Amino acid sequence: MVTTNKQRAGWAAIALTMVAGFEGLRQAAYLDPVGIPTICFGETKGVHMGQRATLEQCKGMLAASLQLANHAVDDCIRAPLPDYRRAALVSFAYNVGQTNLCGSTLARKLNAGDIAGGCDELLRWTLAKGIKLPGLVKRRHAERNMCLVGAE
């Protein structure tokens, strides 16, 4: 399901706030909890230690990555997506990537019409390199709650 500009405004603001809040902003590269070089709002692609970024560069990376995450959601999810559900899935895709979203039980359940079951699947994605991270537990609970908004 492709979104229009009018639809984009609602979910995009929600996703931006959610992702920026959970990722936090760091303008100097750092190692994330499992040792992956990271910068800005959780960007990892092509990042090397010692790298620095301006606030504008970080905002640009975030906008581009959110757009990619939204395209992933469009590519993988055929079920109707109200703003909060789309925002939750964009946050999830931003964090785990399109391949993980598309191949997930979460996507399968949502596409089969099992909204509650699909949203509940978010709670299973709390590990990074086999380590349960408290930040991912909090994030997944927030994503799940947003995913369920308006579900019957």
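So, of the residues in region 69-78 that are surrounded by fewer than 21 Cβ atoms within 10 Å (Cβ to Cβ) and touching a residue at least 60 places away in the same chain (Cβ under 8 Å), which turns out to be farthest from the chain's Cα centre (by Cα)? Break it down into steps so the answer makes sense when it comes.
Step one: list which residues in region 69-78 are surrounded by fewer than 21 Cβ atoms within 10 Å (Cβ to Cβ), which gives 71, 74-75, 78.
Adding the requirement that they be touching a residue at least 60 places away in the same chain (Cβ under 8 Å) leaves 74, 78.
On the way: 74: 13, 78: 17 Å.
So, considering only residues that are surrounded by fewer than 21 Cβ atoms within 10 Å (Cβ to Cβ) and touching a residue at least 60 places away in the same chain (Cβ under 8 Å), the one farthest from the chain's Cα centre (by Cα) is 78.
Within the set of pairs 6+ apart or on separate chains, which have a first residue in region 19-38 that is in a strand (DSSP E or B), a second that is among the small types (Gly, Ala, Ser), and C-beta atoms under 6 Å apart?
Once the first residue is in a strand (DSSP E or B) and sits in region 19-38, its partners that are among the small types (Gly, Ala, Ser) give 27/53; 37/29.
So for region 4-25 (the condition being among the hydrophobic types (A, V, I, L, M, F, W, C), in contact with a strand residue (DSSP E or B) (Cβ under 9 Å, 6 or more places away or on another chain) and farther than 24 Å from residue 123 by Cα), does at least one residue qualify?
So in region 4-25, the residues among the hydrophobic types (A, V, I, L, M, F, W, C) come out as 9, 11-16, 18-20, 22, 25.
Going one step further and asking which of them are in contact with a strand residue (DSSP E or B) (Cβ under 9 Å, 6 or more places away or on another chain), we end up with 25.
Filter once more, keeping what is farther than 24 Å from residue 123 by Cα: 25.
Checked region 4-25: at least one residue is among the hydrophobic types (A, V, I, L, M, F, W, C), in contact with a strand residue (DSSP E or B) (Cβ under 9 Å, 6 or more places away or on another chain) and farther than 24 Å from residue 123 by Cα.
Does region 55-68 contain at least one residue that is without any contact (Cβ under 8 Å) to a residue 12 or more places away in the chain and over 17 Å from the mean Cα position of the chain (by Cα)?
Taking every residue of region 55-68 in turn, at least one turns out to be without any contact (Cβ under 8 Å) to a residue 12 or more places away in the chain and over 17 Å from the mean Cα position of the chain (by Cα).
For region 108-134: of the residues being in a strand (DSSP E or B) and at pLDDT 95 or above, which is surrounded by the fewest Cβ atoms within 10 Å (Cβ to Cβ)? Reasoning before the result, please.
Our first condition is that a residue be in a strand (DSSP E or B); within region 108-134, this holds for 127-128, 131-132.
After this cut, where a residue has to be at pLDDT 95 or above as well, the list is 127, 132.
On the way: 127: 12, 132: 9.
Only one residue fits best here, namely 132.
From (1) within 11 Å of the chain's Cα centre (by Cα); (2) free of Cβ contacts under 8 Å to residues at least 24 places away in the same chain, pick out the condition that doesn't hold for residue 47.
Looking at each condition in turn, residue 47 falls short on (1).
Just a yes or no: is a residue in region 50-65 within 18 Å of residue 136 (Cα to Cα) and crowded, with 16+ Cβ neighbours inside 10 Å?
Applying the first criterion (within 18 Å of residue 136 (Cα to Cα)) to region 50-65 yields none.
No, that holds for no residue.
Conditions tested, residue by residue: (1) touching a Phe, Trp or Tyr at 6+ places or on another chain (Cβ under 6 Å); (2) in a helix (DSSP H, G or I); (3) within 25 Å of residue 26 (Cα to Cα).
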position: 46; (1), (2), (3): no, no, yes
position: 61; (1), (2), (3): no, yes, yes
position: 64; (1), (2), (3): no, yes, yes
position: 71; (1), (2), (3): no, yes, no
position: 100; (1), (2), (3): no, yes, no
position: 106; (1), (2), (3): no, yes, no
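Pick out the one residue from 149, 137 that is surrounded by fewer than 17 Cβ atoms within 10 Å (Cβ to Cβ), β-branched (Val, Ile, Thr) and not in a helix (DSSP H, G or I).
Working: 137 fails: not in a helix (DSSP H, G or I).
Only one candidate qualifies: 149.
The values are calculated or read from the model by the stated rules, or taken from the named source; none is laboratory data. Note that the structure is predicted; figures quoted are calculated from it, not measured. No Cβ is skipped: glycine too gets one built from the backbone with ideal geometry, and neighbour counts run over all protein chains shown.
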